[in-house]
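Throughout, read-outs are computed from the coordinates displayed, never taken from laboratory work. These numbers come from a predicted model, not from an experiment. Glycine gets a Cβ as well: all are built from the backbone with ideal geometry, and neighbour counts include every protein chain shown.
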Amino acid sequence: MKNKSSYERYQRQIILKGFGEAAQNALLQAKVLVIGAGGLGCPVLQYLTAAGIGCIGIVDDDVVSLSNLHRQVLFDTTDIGKPKVSAAAAKLSLMNPDTELREYQIRLTNSNCLDIFNEYDVVVDCTDNFSSRYMINDACVLKNKPFVYAAVSMFEGQVAVFNVSKDGKQNSGNYRDLFPVQPEQGEVLNCAEAGVLGVLPGIIGNIQASEVIKLITGTGDPLINQLFTYNTNDNRSFIFTYNQNQSASKMPLNEQEFHEMMYDLECVNNQQFEMDSEHFDAMLIQKNTLFIDVRELHELPAVTEFENVKIPLSELKQQMNALKEEQIVFFCQSGVRSLKAASMAAEHFGLGKRIYSLQGGIVSWKKIHEKQMS
Amino acid sequence: MNKQMNIMVFGQLEDITGAAIISIDQVTDTEQLLNVLFIRFPQLKEKKMLIAVDQKIIYENTVINNQSTVALLPPFSGG
């Protein structure tokens, strides 16, 4: 222990039989990445910081909103509108100034996540969607990182510890051993749609934090090759066991394949939004229709052929409520980001608007029109 | 009357079955179980779910005896 005050801070757990200074030192040296600072992330961050984890990375691209506060107890009313990562780090640094906090106010994607995972010993999945969950799973398997999973729905939660190295041999099971294929969009309702009891992610997140501590300190029996479930209604909990090696089929085999995975789109029914250039042109003369360029502001070619507004994909979520038109047509360079934008808008507006994405993007649209001109 | 058995239903699958515990006529294996469930609750066919027999998640047709506890587990998305 580096000094007396740090011994005093952790004294109550150091004196635990089977824990001691060795376990505390393991926590003080550990680097943990917490993805998602929401319902699960809040208790995980609070208890891991309090427990003396040496370095915690916090990943979240969202801002605090009023509807978060019934369960995301790290935040208060004055935090509304602030980025979650900075609001969380401000509170956590007061709780334990010895923990190094790294803020990542970004959305985790398959182009940034492998580099970030390299920096950490354990990854904690506190996300609220399947595309992130499958991406985190695959990245952890590729990078050989153990990860602690939890998810909640209404009154129930699940916790599991995945991809733990066993004596340098094959790692333990992962999320794809349970559910090999991503559910389609809308197949499983999220908390915003189905609701969640405020206290539930508190309970489940604390179990998740406890699993992280057990994993780092080598104490207890973490939920390896096991799926824990808990229901607040009847207080019943179960531990299910499962077999490994169900996961192989859909798993990217190397980093190259990982980069090419379309996690965001895997669970989207693409045809629902995509429109070819001919239909796109027909839309140009329709009333009450807004064309949105979701590329970054500096991206070329510029689009002057028709009226459009520029809302980069990263800012779309914040500006969604300002979109008043009945029909919205998204476009981007190649049609990938606009499809993502369309699925975000569809999730936001439900059946309230007709939403489209230009297939092949503006580059291909311009090519077709150049041909027609010549 | 045929002998009945109980099935535990987790998460949003309950919206389809209408209850967290449902009672069906005793079946002898999980293949038969799915046939019975899909007839009674056709929407279950579209759902991704795990079947557990005696708290062990199974991947192949598995024998169910009259003492077995059977559970249906969906993936959860929330966090």
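Count the net charge of all other residues whose Cβ sits under 13 Å from the Cβ of residue B:15, scoring Lys and Arg as +1 and Asp and Glu as -1.
-4
Check each of the chymotrypsin sites (Phe, Trp or Tyr not before Pro) in the range A:287-330 and keep only those in coil by DSSP with at most 15 other C-beta atoms within 10 angstrom; list them in order. Write down the numbers at each step before the final one.
Details: sites: A:291, A:306, A:330; in loops: A:306.
Those satisfying the criteria are A:306.
Please give the FRET efficiency for residue A:241 paired with residue A:21, using the beta carbon to beta carbon distance and R0 = 35 Å, rounded to the nearest 0.05.
Once the sixth-power term is evaluated, E becomes 0.55.
Would you mind putting A:92-102, A:279-289, A:193-203 in packing order, based on average other-beta-carbon counts within 10 Å, highest first?
In decreasing order of mean packing, A:92-102, A:279-289, A:193-203 become A:193-203, A:92-102, A:279-289.
Please give the length that would be gained between residue A:310 and residue A:325 if that part of the chain were fully extended, namely 0.36 nm times their separation in residues minus their C-alpha to C-alpha distance (nm, one decimal).
Taking 0.36 nm per residue and subtracting the Cα distance, the gain is 3.9 nm.
Just tell me which aspartates and glutamates come within less than 19 Å, Cα to Cα, of residue A:145; anything on the same chain fewer than 8 places away is out.
Qualifying aspartates and glutamates at Cα under 19 Å: A:115, A:119, A:121, A:125, A:167, A:177, A:211, A:221, A:255, A:257.
Mean residue ellipticity at 222 nm from the helices of chain A, using -39,500 (n - 2.57) per DSSP H segment of n ≥ 4 over the full residue count, to the nearest 500 deg cm²/dmol?
-11000 deg cm²/dmol
Listing A:234, A:62, A:293, B:29 from the residue with the fewest other Cβ atoms within 10 Å to the one with the most, what is the order?
A:234, B:29, A:62, A:293
As a quick test, which of the pairs A:317/A:366; A:169/B:45; A:82/A:166; A:340/B:45; A:169/A:250 have an alpha carbon distance above 30 angstrom in this structure?
Result: A:169/B:45; A:82/A:166 exceed 30 Å.
Projected onto the charge dipole of the range A:325-371 (+1 at Lys/Arg Cβ, -1 at Asp/Glu Cβ, origin at the Cα centre), which of A:363, A:335, A:350 gives the Cα projection farthest towards the positive end?
Positive-most Cα among the choices belongs to A:363.
Putting +1 on Lys and Arg Cβ atoms and -1 on Asp and Glu Cβ atoms, find which of A:43, A:259, A:15 reaches farthest to the positive end of the dipole of chain A.
Going by the charge dipole, the pick is A:15.
Averaged over A:149-156, how many beta carbons belonging to a partner chain fall within 10 Å of each residue's beta carbon?
5
Pop the C-beta distance of residue A:166 and residue A:93 into the FRET formula with R0 = 30 Å and round what comes out to the nearest 0.05. Before the final figure, lay out the partial values.
On the way: r = 36 Å, r/R0 = 1.20.
My answer for the efficiency is 0.25.
Taking the alpha-carbon distance from residue A:4 and a cut-off under 22 Å, which lysines remain once sequence neighbours fewer than 8 residues away in the same chain are dropped?
A:17
Work out how much length residue A:278 to residue A:302 would gain on full extension: take 0.36 nm times their residue separation and subtract the Cα-Cα distance, in nm to one decimal.
Separation in residues times 0.36 nm, less the Cα-Cα distance, equals 6.6 nm.
What's the exposure ranking of A:147, A:179, going from fewest to most Cβ atoms within 10 Å?
Taking fewest neighbouring Cβ atoms as first place, the list is A:179, A:147.
May I ask you to derive the FRET efficiency for residue A:262 and residue B:43 from their Cβ-Cβ distance with R0 = 30 Å, giving the value to the nearest 0.05?
0.65
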